[in-house]
Amino acid sequence: MIQLREIDETNFFAARALTVAPKQQGFLDDAAGILARGYLYRRENVRVWAIEADGEVVGLALVKDMDEAPACYDLQQFMIDRRFQNRGYGARALRLILDRLEAERRYDCVEVCVKRDDLAALRLYEKAGFTDTGYVDPDAPDCLNLMYTFD
């Protein structure tokens, strides 16, 4: 069973030890960077969740509230450890994240910036219902900005 849990003293070190495959390392922060970012922006309504499968930490997600236009949830980091990839954990965890944010519903949508070369991530987000906004961030021209809109 997949679940999202807040980072605390019981799962911090397991979360800190997560890694992705070498070819994925350029696509996102390492686990320590994700945890540090969550701490640094904790006053700006950032949430870092450990993704657990049957009690074992298999991934991390970081979501930040973005109040500037377009006001939305910003899924800034999402990773499944390389030992647990290709088991469906990413798709199920992404669905849990979207369901949790929809239930909270401070915003009507979720945005994610994905490197154009990260084909596996692009497929994952597209299967979940994200679509390309067409916007190109001048600070990240090698990325696609995808949006998921709640019904």
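Between Gly55, Ala93, Ile7, the Cα set farthest toward the positive side of the dipole of the chain (charges on each charged residue's Cβ, about the Cα centre) is that of Gly55.
Quick one: putting +1 on the C-beta of Lys and Arg, -1 on the C-beta of Asp and Glu, what dipole do you get for the range 1-62 around its Cα centre, in Debye to the nearest 20? With Lys and Arg at +1 and Asp and Glu at -1, about 260 debye. Here the simple spin-label model places points 7 Å from the Cα toward Cβ, and for Gln3 and Asp54 these points are separated by 1.5 nm.
When the chain is described by a simple charge dipole with +1 on each Lys and Arg Cβ and -1 on each Asp and Glu Cβ, the residue from Ala71, Ala36, Phe84 located farthest towards its positive end is Phe84.
Normalised by residue count, the range 65-131 yields a Cα convex hull volume of 93 Å³ per residue. Surface composition of the range 107-151: carbon plus sulfur atoms hold 50% of the accessible area, using a 1.4 angstrom probe and ignoring ligands, DNA and RNA. Rolling a 1.4 Å probe across the protein heavy atoms gives the range 30-151 an accessible surface of 52 Å² per residue. Once you list every other residue whose beta carbon is under 12 Å from the beta carbon of Tyr89, what net charge do they have if Lys and Arg are +1 and Asp and Glu are -1? So the environment of Tyr89 carries a net charge of +1. Summed over all non-identical Cα pairs, the Kirkwood treatment of the chain gives a radius of 15.6 Å.
All other residues whose Cβ lies under 12 angstrom from that of Val58 are scored, Lys and Arg at +1 and Asp and Glu at -1, for a net of +1.
The values are calculated or read from the model by the stated rules, or taken from the named source; none is laboratory data. From a predicted model like this one, the values you see are computed outputs, not experimental measurements. Please note: Cβ atoms are built from the backbone with ideal geometry, for glycine as well, and neighbour counts cover all protein chains shown. When the accessible area is computed, the model is the full protein with side chains, heavy atoms only, and any ligands, DNA or RNA have been set aside. Shrake-Rupley method; radii C 1.70, N 1.55, O 1.52, S 1.80 Å.
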